[in-house]
Amino acid sequence: MVRSAIASATLALALGVGLPAAQAQEKVVTIGAHMPLTGSLARSGQTFNEGMQVALRMCNAASPKVQVKVDVIDDESTPAKAVSAVEKLASSGSVAIIGGYGSNIVGPASDASDKLGKVYITAGAVSDELTQRGLKTFFRINNNAGYQKGIATLLIDLKPQAVSIIASTKEAPTLLAQGLEKDLAAKGIKVTVHKFDPAITDFKPIINKIKLQDKPDIIMMSAYENDYVGIIRAAKVLKPQVKLMVGTWSLATPKMYTEFPDLMNNVVGTSFLPFPVEVKSEEGRKFAAAYQDMYKKEIEYLATLSFVETTLLCEAIQRAAEAGTLDKGGLADEMRKTDRDTMLGRVQFDQTGDNPNFALSMGQHREGKIVLVSPKAAATGDIAYPAVPW
Amino acid sequence: MTELILQALFSGVLIGSVYALVALGLALAFGAMRIINLAHGELVLLAAYMAYLVESRTGLEPYAAIPLALAVVSAVSIALFMLVNMIRDHRELNSLILTFAIGIILTNAILLAFASDMRTTTSAFLQDAVSFGDVYAMRGEIIAFALSLVLMGLLWWWLKASWYGRAVRAVSSNRGAAMLMGINPTRIETVSFLVAGALASFAGVALYTMSVVQPAVGHALTVKAFIITVLAGVGSIPGVFLGAVLLGVTEALTVTLASSALQELAGMVLFLMVLFLMPNGLFGARARRG
Amino acid sequence: MSDTASSRLLSGRSLAMAGGLVVVGLLPLAAGASPYMLGLLISSLILAGLGLSWALLGNLGGMVSFGHAAFFGVGSYASALLAAKLGVPVLLAIPLAGGVATLSSLAMLPALRLSGPYFALAILAYAQIFRILATEASWLTGGAAGLQRFPGLPTVFGFNFAERHGSYVLVLGMVVLCALIYVVIRRSYVGIALRAIAESEDATRVVGVNSTLLKTWMLMLSAFIAGMFGALNAHIIGFLEPDYAFSGIWSVMPIIGAVFGGYRSVIGPVFGAVVIYMFDQVIAKSLIPVGHQILLGIVLAGMVLLAPNGLAGLVGRIFSRTGGKHHARA
């Protein structure tokens, strides 16, 4: 009841119903975004886009004086097209850019944005190099260190003897695997890393090596959606004597459980929301309701990331517009003043534009629900351990 | 170690049998017309999406999609042949570019129709584990393996025993002579593409039951099919099967003995070695050098 | 585009063509194109250069490659590493990178004996192998994480190549230069011999033409040009990773552009790449935001079926009544 009431209220706000007076004096500000809408990362790009759209509706409804709208361009996951997109967006009047997916895209695109003096924010690029460039207009809410910290905390708490990491040779999974290998080895845990080419489809030979040679307590998957399915399927067939399957992005999501109920039970992945959504914050509840209303599905991991980055940007724009500094390059300063609790926890930006507070919780699939199991402060339940999908 | 290698060999043979299904259609069209159909992987992909469509809409097992896949993919395959047949000059080069273009069209059509989400079967029956002593497989893989053997047997018999089959072989070995014998090459080539489309249908459904599909994988399937055709040499059905299994086993052993990051590398190196050192393929009879 | 052997390698006509190309190429600058437009044009000219390199191999060497990404990627990594690790000046590193790409092409010499599709896909296999090697050799290339901090294009005599206008002029100049090299070779004895080989390899062998040697030269030259454009692109973009440097795009787009423009002419691949890329990015993308490549596929298929000699062939058919011989052959 309450949820549907909120949903319809949000819808009403979003449609601008009941706000005729405000429209007369509203100021419209445009921001730009480039996302991979085609190619192998298209799904991620579309989910980002959804979170962004919801954020703008809510942000605009909350502060009707300054209306923020977004132009989205498909960057096709190619750096040159992302750079072109930034230039096009800047020349058509965007005051800031929301970045795409992958450090290879975000690196050159944020360089271009910096040259044009436009604030650039991303939730899809985790490489450490990005924040070492000294850009004044670059911001991001998540980073490799945060993923690493979230997963390492869980793994170290479980005190395993040995962990096997299966890592895609793509950029972000490689970085994460390297970081985890270091963290776990420092705690005296035996770590074996198995790198795989993303073109691979049969994971049985890798799992069999893990089963017969490594004999770990935990298998950690540093990979993407389609890899998880292949890996867990292979593990289900070979049944290695492990106590837990852990993964990272886009794994502990309701969607994965709906699509692959036989594979996901007891699997752990990075998450920040339990499911059914027991969002403690008012904002999280509104987001979930509005998302359900617009896209007829439960909120997803990437949508939440882009919701948070877009909300922060939108609010900074509104502050700058109110203060009259938006046209005078005041947006970056307003961004740097950000200090706010979000669905990702507290967000601040340091001098490099990074969010030093970023650390993820870990969620476990449990019979269609997702229980937050780590870190202890955020947990909504105890971890099932040992527990595997088979 | 023995156990590891046994499992690698077993997995390699199973995955190889599906590679063989993917490659057969390409090899057949190539044998009949000297045309590499660079959209073949997309035909397979199209069939896989038909399986997804049927499974997600009706809740039936993916193999129930075979009739639909056969109808759709064969129709597309025939349409593709008719376009290729319109080429007048520089047939070899222009057909490569044309079929490549059709591959781009199909990939994007699938993207527009089905979005970019990854798809694979959710059937518990097909995903269950079965074991033979110390080696394990998914039930879907065993079924695909059996299907591949049966289809290959049928194709072999068809090429050897039926009038059409002999006509296909006659056209592929000497088009001019076949015409003199009263065989209409266009009709025979149409039949080859029809059969290639049918094989792609089965391959696609089988692939959907044991692997993850996305709109972008069509091109990789074509490349794999071509590699197998090269390993096999032209005009040998058992060769295609053995070539495919060799590729599957090489990949699995690379993972077991070295690193899974090198799996693709091993396949490519095998391809080049056979190409350079055994110009007729491992099992074929005809030369491929210009 | 007469086929008669000319002792003057650079006829007035081809110089006029080059001059025309420069003038047309400079129009966007004169018209005050936005950085966005210039960025798109730079990307399209990079593809044009690659297209020239592809067409040179296809037209003069008779070899269709499906893996020009191999040379492009080697060139981009070579230049970035030379500049970042050895401190070689960028404008020197670019031709050196072309040299490294040429060296890498020597690994492909066994493939020269292969015909048609076999050669095409053998080169594709090399591109894949190089990509995996670049991923694995992380001590040198940074592996999957990529290379980010290497020098961009420099400022020379107060002219800033790193800035959009400067980059554009540099890339345009390189394309024109490579087109001229292509013309010179086409008109030379080598070009005539190569075209004779394309007609009948056996016959030319009897006359004493060493076809393998000539094909080797063409492969090396094609690799050199592709490598240089890879290097240029790397310094303009400022980021490299194996999946990007050896991406299939670098193999595919030049083919589409060259076929569209007409790969048997010199100007065709350049023109085709620019038109196709701009069409895709400016028009197709606004019509179908997701999946706009479907229009590229349709255009490519339509060109092969309806105008196999590309735009250049179409234009030729319209303007020259005496061009019958040319069309009959191509």
For the range C:111-168 the number of residues that are assigned to a helix (DSSP H, G or I), away from chain B (no Cβ under 14 Å) and surrounded by fewer than 20 Cβ atoms within 10 Å (Cβ to Cβ) is 4
Note on the range B:230-283: residues polar (S, T, N, Q) and over 23 Å from residue A:202 (Cα atoms) are B:236, B:280
Review point. What about residue A:228, is it within 20 Å of residue A:44 (Cα to Cα), modelled with pLDDT of 90 or more and of a type in the set (Ser, Thr, Tyr)?
Key: yes
Of the residues in the range A:38-77 that are under 21 Å from residue A:108 (Cα atoms) and among the acidic types (Asp, Glu), the one that is modelled with the highest pLDDT is A:71
Just one listed residue, out of B:244, B:266, B:285, B:252, is away from chain C (no Cβ under 13 Å), more than 17 Å from the chain's Cα centre (by Cα) and modelled with pLDDT of 85 or more, and it is B:252
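One line per residue, one yes/no per condition, for (1) touching a strand residue (DSSP E or B) at 6+ places or on another chain (Cβ under 9 Å); (2) under 22 Å from residue A:149 (Cα atoms); (3) of a type in the set (Lys, Arg):
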residue	(1), (2), (3)
A:270	yes, yes, no
A:273	yes, yes, no
A:285	no, no, yes
A:289	no, no, no
Those residues of the range C:269-299 which are more than 23 Å from residue B:83 (Cβ to Cβ) and buried (at least 22 other Cβ atoms within 10 Å of the Cβ) amount to C:269, C:270, C:271, C:273, C:274, C:277, C:281
Only one of C:247, C:251, C:265, C:222 is at the interface with another protein chain (Cβ under 9 Å from one of its Cβ atoms) and either within 26 Å of residue C:101 (Cβ to Cβ) or in contact (Cβ under 8 Å) with a residue 24 or more places away in the chain (or both), namely C:247
By residue number, the members of the range A:212-268 that are of a type in the set (D, E, K, R) and assigned to a loop (DSSP other than H, G, I, E, B) are A:215, A:217, A:239, A:243
Note on the range A:62-96: residues among the small types (Gly, Ala, Ser), farther than 22 Å from residue A:325 by Cα and more than 8 Å from chain C (Cβ to nearest Cβ) are A:77, A:82, A:85
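Conditions (1) closer than 19 Å to residue B:215 by Cβ; (2) within 13 Å of chain C (Cβ to nearest Cβ); (3) in a helix (DSSP H, G or I), marked per residue:
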site: B:22; (1), (2), (3): yes, no, yes
site: B:25; (1), (2), (3): no, no, yes
site: B:37; (1), (2), (3): yes, yes, no
site: B:50; (1), (2), (3): yes, no, yes
site: B:53; (1), (2), (3): yes, no, yes
site: B:60; (1), (2), (3): no, no, no
site: B:66; (1), (2), (3): no, no, yes
site: B:72; (1), (2), (3): yes, no, yes
Flagged in the range C:130-156 as more than 23 Å from the chain's Cα centre (by Cα), farther than 20 Å from residue B:260 by Cβ and of a type in the set (A, V, I, L, M), in numbering order, are C:140, C:147, C:156
Counting only residues in the range B:171-187 that are buried (at least 16 other Cβ atoms within 10 Å of the Cβ) and within 23 Å of the chain's Cα centre (by Cα), the one nearest to residue B:236 (Cα to Cα) is identified as B:172
Residue B:93 meets each of (1) more than 29 Å from residue A:234 (Cβ to Cβ); (2) within 22 Å of the chain's Cα centre (by Cα); (3) more than 7 Å from every other protein chain (Cβ to nearest Cβ); (4) not acidic (Asp, Glu) with one exception, condition (3)
State yes or no: is residue B:58 within 30 Å of residue B:250 (Cα to Cα) and not hydrophobic (A, V, I, L, M, F, W, C)? no
Requiring at least 2 residues that are modelled with pLDDT of 90 or more, under 23 Å from the mean Cα position of the chain (by Cα) and buried (at least 24 other Cβ atoms within 10 Å of the Cβ), the strands (runs of 3 or more DSSP E) wholly within the range A:119-202 are A:119-122, A:138-140, A:162-168
Exactly one of C:99, C:87 is farther than 30 Å from residue B:279 by Cα, within 20 Å of the chain's Cα centre (by Cα) and either within 14 Å of chain B (Cβ to nearest Cβ) or not polar (S, T, N, Q) (or both), and that one is C:99
Within the range B:13-64, of all residues that are buried (at least 22 other Cβ atoms within 10 Å of the Cβ) and touching an Asp or Glu at 6+ places or on another chain (Cβ under 7 Å), the one nearest to residue A:202 (Cα to Cα) is B:15
If we keep only residues of the range C:300-318 that are of a type in the set (Val, Ile, Thr) and either in contact with a Gly (Cβ under 8 Å, 6 or more places away or on another chain) or crowded, with 16+ Cβ neighbours inside 10 Å (or both), then the residue modelled with the highest pLDDT is C:304
Note on residue B:190: of the conditions (1) within 26 Å of residue B:128 (Cβ to Cβ); (2) surrounded by fewer than 24 Cβ atoms within 10 Å (Cβ to Cβ); (3) among the hydroxyl-bearing types (Ser, Thr, Tyr), unmet is (1)
Check the range A:85-100 and report whether any residue there is under 16 Å from residue A:31 (Cα atoms) and acidic (Asp, Glu).
-> yes
Scanning the range C:75-95 residue by residue, the ones that are under 13 Å from residue C:230 (Cβ atoms) and not hydroxyl-bearing (Ser, Thr, Tyr) total 8
The correct count of residues that are in contact with a strand residue (DSSP E or B) (Cβ under 8 Å, 6 or more places away or on another chain) and more than 7 Å from every other protein chain (Cβ to nearest Cβ) in the range B:96-130 is 4
Note on residue B:87: of the conditions (1) part of a helix (DSSP H, G or I); (2) within 13 Å of chain C (Cβ to nearest Cβ); (3) among the hydrophobic types (A, V, I, L, M, F, W, C), unmet is (1)
Among residues of the range C:11-66 being among the β-branched types (Val, Ile, Thr) and either within 12 Å of another protein chain (Cβ to nearest Cβ) or within 14 Å of the chain's Cα centre (by Cα) (or both), the residue nearest to residue C:166 (Cα to Cα) is C:42
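The values are calculated or read from the model by the stated rules, or taken from the named source; none is laboratory data. In this text the structure is predicted, and so the values were computed from the model without any measurement. Ideal geometry is used to build each Cβ from the backbone, glycine not excepted, and the neighbour counts take in all protein chains shown.
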